[in-house]
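Before I ask anything, here is the structure I am working with.
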Amino acid sequence: MKFLLVSLAFLAYTCWASASILERNLVCFYNSNAATHTGAAHFSTADLEIALQFCTHVIYGYVGIKPDTFQLMSLNENLDIQRRHFATITALKDKFPYVKFLLSVGGDRDSGEHEKYINLLEAGRQKQTAFIDSARDFLRSYNFDGLDLAFQLPRNKPRKVHSDVGSAWKSFKKFFTGDFIVDEKADDHKEELTDLIKDLKNTLRADNMLLSLTVLPNVNSSWYFDGPAIADSLDLINLATFDFLTPERNPEEADYTAPLYELYDQNRLPHYNINFQVENWILQRVPGNKINVGVATYGRAWKMSKESGTTGLPVVPATEGAAPAGPVSKTPGLLNWLEVCQRLPNPSNINAKGAEAPLRRISDPTKRYGTYAFHTADEDGANGVWVSYEDPDTAASKAGYVKAKNLGGVALFDLTLDDFRGQCTGDKFPMLRAVKYRLL
Ligand SMILES: *[C@@H]1O[C@H](CO)[C@@H](O)[C@H](O)[C@H]1NC(C)=O
C-alpha cells in the first residue's frame with residue numbers, strides 16, 4: 001500500500017514535471033493600432049482569433065501613463081474605450097480560456113516625453129501608488145489577466161561609425177566628456193524599479209493577476225534590472241532581442257539586426273546578439289523558464305548607396321538611412337514579412353527593374369546570424385536596398401535555441417506584422433506557426 005502511494009505520487013510528479021517542461025510560452029504581442037489601419041494593413045478581431053489558437057499569452061499594446069499623476073491611460077480612447085476594443089479583445093477569453101490576456105504599458109508608443117518613465121521611478125511611493133492602483137483598476141475594468149511593463153527607459157548609444165580610426169583616443173575623450181554615460185543615476189533607477197515591481201506584484205497578486213516585464217530593444221538590462229531581486233515578482237520576462245541596429249539609430253551602416261550569436265569581426269559590439277542578452281539574465285540565476293526570447297515578424301531595411309559596394313556582405317558601409325516604406329506597413333526602414341516575401345524573386349517580379357526589382361536573398365546555413373536580401377544601387381545611385389529580416393525558418397531556429405536552452409518560450413513582435421492573410425505562401429501567420437511547431 002505504502003509502495004503504491006509512493007509510486008502514485010512519483011507518477012503524478014513526473015507527469016506534472018514533464019507537462020511543465022513541455023508547455024512553452026508563445027507570447028503574442030498585438031499592436032491594437034492595426035485595428036484602425038485601412039486596406040491591406042487592417043487587422044481585424046477575426047484575424048486575431050486565428051492567431052490565438054497558437055498563443056499562450058496575448059499582450060495588448062499599448063497604453064501609456066499620464067505625465068503628472070502617472071496614472072495609466074489609454075493612448076486611443078476612441079478605439080480602446082468608446083469603440084470597446086479592450087472589452088472586445090478580452091471577451092475572447094470565453095473562446096480561448098487557456099490564453100492569458102495582458103495589457104502592456106509603454107512599448108515605444110507612449111509618445112511625448114520619454115522621461116516619464118524615469119520620472120515615475122523617481123516620483124516616490126505616493127505617486128507610484130497612484131500608478132499601481134490605476135493599473136489594477138484598469139485591468140479589472142476591462143477584464144485583463146495581467147500587466148506588462150514595457151517601460152521606455154534610456155537606450156544604449158549606437159556604435160559610432162568610422163570608430164576604428166583613432167578609436168582609443170576617441171573613447172578616451174568620450175569618457176571625459178561623459179558622452180557615453182546615458183544615465184548617470186542608473187543605479188538609483190535600478191533600485192527604484194525593483195521596489196516598484198515588488199509593490200506592483202503585491203497589489204496584483206491579491207487579484208490573481210500576472211505581471212510581465214518586456215525589455216525593449218537597446219534598453220540595457222545591466223543598468224535597469226536587478227534580475228535576482230525582481231525575478232520572483234515577475235511571471236514572464238520578454239526580451240525584445242532584435243533591432244540591435246536600425247536605420248534610424250545606425251543610418252550609416254547596416255548589419256544583422258537580430259543575430260543569435262556574436263560575429264567576432266569588424267568591431268561588432270559583443271552585446272548586440274540574442275545569446276548575450278539571454279546569458280545576462282541566466283548568469284544572474286533568473287529562472288530560465290521565465291525568459292521569453294523576442295522574435296520580430298519584420299525586417300529592417302536600409303538604403304544602399306553606390307559607395308556601399310556590390311557584395312551586400314554585412315557590415316554594409318555608407319548606407320543612407322531608412323529604405324522607403326513598404327506598401328502595407330508604410331513605415332520607412334521597416335518591411336514586414338509579407339513585404340519582404342514579395343520582394344524576393346518570384347514569377348511576377350523576376351524581370352522587374354528599378355524599385356520593383358527582386359532582392360537577392362542570402363541565407364545563413366550556420367543558422368547563427370540571420371538572413372538578408374539586397375539590391376545594389378543603380379548607376380544613378382537609386383533603388384539600393386539592404387534588409388536584415390526574419391523568415392519562418394530563421395524564426396523556427398530561434399525557437400530551437402529556446403528549446404535547447406530550456407527557456408520559457410518565444411515572444412513574437414508582433415502578430416499584426418506577420419502575413420496574417422497568408423498572401424506569401426497561402427498559410428496565414430507563417431511566422432507564428434513556424435515558431436509554434438518548433439516549440440512543441
Ligand atoms: C550594457 O552596456 C555596457 C556598456 O555599453 C555593456 O558593456 C554591457 O554589456 C551592456 N549590457 C547588456 C545586457 O547589454
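The values are calculated or read from the model by the stated rules, or taken from the named source; none is laboratory data. Bear in mind that the values here come from a model prediction, so they are computed numbers and not experimental data. Positions of Cβ are backbone-derived with ideal geometry, glycine not excepted, and every protein chain shown enters the neighbour counts. Accessible surface is based on the protein model in full, side chains and every heavy atom, while ligands, DNA and RNA are left aside. Shrake-Rupley method; radii C 1.70, N 1.55, O 1.52, S 1.80 Å.
Would you say Arg268 is among the basic types (Lys, Arg), surrounded by fewer than 23 Cβ atoms within 10 Å (Cβ to Cβ) and under 15 Å from Arg368 (Cβ atoms)? Working first, answer last.
Numbers: among the basic types (Lys, Arg): yes; surrounded by fewer than 23 Cβ atoms within 10 Å (Cβ to Cβ): yes; under 15 Å from Arg368 (Cβ atoms): yes.
So Arg268 passes the test.
So that you can scan it fast, the table gives a plain yes or no per residue for (1) in contact (Cβ under 8 Å) with a residue 40 or more places away in the chain; (2) more than 16 Å from the ligand (Cβ to nearest atom); (3) under 19 Å from Asp188 (Cα atoms); (4) not hydrophobic (A, V, I, L, M, F, W, C):
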| residue | (1), (2), (3), (4) |
| --- | --- |
| Ser212 | yes, yes, no, yes |
| Asn220 | yes, no, yes, yes |
| Gly227 | yes, no, yes, yes |
| Leu234 | yes, yes, no, no |
| Asn238 | yes, no, no, yes |
| Phe242 | yes, no, no, no |
| Asn250 | yes, no, no, yes |
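What's the total number of residues in segment 387-425 that are within 25 Å of Val316 (Cα to Cα) and not aliphatic (A, V, I, L, M)?
Taking segment 387-425 and keeping what is within 25 Å of Val316 (Cα to Cα), we get 387-395, 397-398.
Next, only the ones that are not aliphatic (A, V, I, L, M) stay: 388-394, 397-398.
Here the count works out to 9.
How many residues, within segment 330-351, are in a loop (DSSP other than H, G, I, E, B), within 23 Å of the chain's Cα centre (by Cα) and among the aliphatic types (A, V, I, L, M)?
First, pick out the residues of segment 330-351 that are in a loop (DSSP other than H, G, I, E, B): 330-333, 344-351.
So of that shortlist, the ones also within 23 Å of the chain's Cα centre (by Cα) come out as 330-333.
Filter once more, keeping what is among the aliphatic types (A, V, I, L, M): none.
Number satisfying all stated conditions: 0.
Report yes if Asn267 is away from the ligand (no atom under 12 Å from the Cβ) and assigned to a strand (DSSP E or B), otherwise no.
Details: away from the ligand (no atom under 12 Å from the Cβ): yes; assigned to a strand (DSSP E or B): no.
In short, no.
Show the residue pairs meeting these rules: Cβ distance below 6 Å; 6+ apart or different chains; first residue within segment 61-78 and touching a residue at least 12 places away in the same chain (Cβ under 8 Å); second residue assigned to a strand (DSSP E or B) and open to solvent by 30 Å² or more (accessible area, probe 1.4 Å).
Gly64/Met73
List every residue pair whose Cβ atoms sit under 6 Å apart, with the two residues 6 or more apart in sequence or on different chains, where the first one lies in segment 266-278 and is over 19 Å from Gly227 (Cβ atoms) and the second, anywhere, is open to solvent by 50 Å² or more (accessible area, probe 1.4 Å) and within 11 Å of the ligand (Cβ to nearest atom).
Leu269/Arg159
Here are some conditions: (1) within 16 Å of the ligand (Cβ to nearest atom); (2) within 30 Å of Gly422 (Cβ to Cβ). Gly312 meets all but one. Which one does it not meet?
Going through (1) within 16 Å of the ligand (Cβ to nearest atom); (2) within 30 Å of Gly422 (Cβ to Cβ) one by one, Gly312 breaks only (1).
Looking at segment 396-403, is at least one residue open to solvent by less than 10 Å² (accessible area, probe 1.4 Å), of a type outside the set (Gly, Ala, Ser) and over 27 Å from Ser32 (Cβ atoms)?
Checked segment 396-403: no residue is open to solvent by less than 10 Å² (accessible area, probe 1.4 Å), of a type outside the set (Gly, Ala, Ser) and over 27 Å from Ser32 (Cβ atoms).
Moving to a separate point now. Quickly run through segment 75-104 and pick out the residues that are small (Gly, Ala, Ser) and either surrounded by fewer than 20 Cβ atoms within 10 Å (Cβ to Cβ) or in a loop (DSSP other than H, G, I, E, B) (or both). Break it down into steps so the answer makes sense when it comes.
Going residue by residue through segment 75-104, those that are small (Gly, Ala, Ser) are 87, 91, 104.
Within segment 75-104, Ala87, Ala91 meet the criteria.
Exactly one of (1) under 24 Å from Leu245 (Cα atoms); (2) modelled with pLDDT of 85 or more; (3) surrounded by fewer than 12 Cβ atoms within 10 Å (Cβ to Cβ); (4) among the small types (Gly, Ala, Ser) is unmet by Gly124. Its number?
All conditions are met except number (1).
If I filter segment 371-386 for residues that are without any contact (Cβ under 8 Å) to a residue 24 or more places away in the chain and surrounded by 15 or more Cβ atoms within 10 Å (Cβ to Cβ), do I get at least one hit?
Yes - at least one qualifying residue is present in segment 371-386.
Could I ask something else about it? Which of the residues belonging to segment 283-314 are open to solvent by less than 10 Å² (accessible area, probe 1.4 Å), in a strand (DSSP E or B) and either among the aromatic types (Phe, Trp, Tyr) or more than 24 Å from Lys436 (Cβ to Cβ) (or both)?
Ala301, Trp302, Met304
I would also like to ask the following. Please go through segment 184-229 and give me each residue that is on the phi > 0 side of the Ramachandran plot and open to solvent by 30 Å² or more (accessible area, probe 1.4 Å), ordered by number.
Matches in segment 184-229: Asn208 only.
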